[in-house]
Amino acid sequence: MWLRPARPGEGRQVEQLLVSDPVTGKALRASVDADRADGTDGSHGLVLVAADRRHEEKLVGVAAAGVPRALIGGLGLPAEANRLLVRSIIAVNGVSVLPETVQHGLVGRLLTGMAKHYRTAGFQWVFGQCRMGNDAWLTHLRGLGFTVGAAGVDIRLNSALWPHNSTIRTQSDLHAFYQPLTEEPSVRMAMMPVPNGIARQPVAV
């Protein structure tokens, strides 16, 4: 198996891999088939796939990520800060592999390959959110170097380049996770607790 960006015409296979998340699968299918999934610039996300060379390059895994422009625009930060974040943070949109590939560490290879791509491109952080109830997945993320928050814990963003903290909200049944892509980021991410009794709304990334 080898990793590469998804190619036009492979959108259907990508969508089938994400059968548990049909909304994301449909969106990624459209991006792949429109040739907008190679992560070559800030406007294109990356849809990284694992292709099985022994079986005519059948896709057996996928990891997708991109700049969360809508989320950044909703933080209420100055325009200069928005421009910095668009060049600094990447959101994981989906990860899925065929069950028979799990024992081969394919999830880790996909996430590591995705992180390497965006590190080379100069980004500072990769983050995402996942459903609670899968302790093995959370343990796996930690083993890959991600910081994983408890359910409902938000991510705080701050930088010396803007005057106040901002928050990436996390729904109460989700876990946020993140990983730095550089040793000295100009933007900082940290977990912060959710006050008791406050219900969070989901944030699309």
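Could you say which residue among 75, 85, 71 is assigned to a loop (DSSP other than H, G, I, E, B) and closer than 27 Å to residue 167 by Cβ?
Sole residue among the options that is assigned to a loop (DSSP other than H, G, I, E, B) and closer than 27 Å to residue 167 by Cβ: 75.
Name every residue in segment 1-33 that is under 13 Å from residue 59 (Cβ atoms) and among the acidic types (Asp, Glu), in order of residue number.
Matches in segment 1-33: 10, 15.
May I ask you to verify whether residue 29 is at pLDDT below 95, outside any strand (DSSP E or B) and open to solvent by 50 Å² or more (accessible area, probe 1.4 Å)?
Numbers: at pLDDT below 95: no; outside any strand (DSSP E or B): yes; open to solvent by 50 Å² or more (accessible area, probe 1.4 Å): yes.
So residue 29 fails the test.
How do the pairs read when you match residues in segment 10-32 that are closer than 14 Å to residue 95 by Cα and in contact (Cβ under 8 Å) with a residue 60 or more places away in the chain with residues anywhere that are among the hydrophobic types (A, V, I, L, M, F, W, C) and part of a helix (DSSP H, G or I), using Cβ under 8 Å and keeping only pairs 6 or more apart or on different chains?
What qualifies is 18/28; 25/14; 25/17; 28/14.
For residue 115, only one of the following conditions fails: (1) farther than 24 Å from residue 37 by Cα; (2) part of a helix (DSSP H, G or I); (3) open to solvent by less than 70 Å² (accessible area, probe 1.4 Å). What is its number?
(1)
Those residues that are surrounded by fewer than 23 Cβ atoms within 10 Å (Cβ to Cβ) and touching a residue at least 60 places away in the same chain (Cβ under 8 Å), I need them from segment 62-87; list them, please.
Within segment 62-87, 70, 71, 75, 76, 77, 78, 80, 81, 84 meet the criteria.
Hey, among 102, 92, 107, which residue is surrounded by fewer than 19 Cβ atoms within 10 Å (Cβ to Cβ), hydrophobic (A, V, I, L, M, F, W, C) and either assigned to a helix (DSSP H, G or I) or at pLDDT 95 or above (or both)?
102
Identify the residue in segment 1-23 that is within 18 Å of residue 107 (Cα to Cα) and among the β-branched types (Val, Ile, Thr) and, among all such residues, is most open to solvent (accessible area, probe 1.4 Å).
It comes out as 19.
If we scan segment 165-178, do we find a residue that is closer than 19 Å to residue 119 by Cβ, within 15 Å of the chain's Cα centre (by Cα), in contact (Cβ under 8 Å) with a residue 40 or more places away in the chain and open to solvent by less than 50 Å² (accessible area, probe 1.4 Å)?
Yes, the conditions are met somewhere in segment 165-178.
The values are calculated or read from the model by the stated rules, or taken from the named source; none is laboratory data. Being a predicted model, the structure only gives us computed values, none of them experimental. Note that we place each Cβ from the backbone using ideal geometry, even for glycine, and neighbour counts take in every protein chain shown. Only protein heavy atoms, including side chains, enter the accessible area calculation; ligands, DNA and RNA are left aside. Shrake-Rupley method; radii C 1.70, N 1.55, O 1.52, S 1.80 Å.
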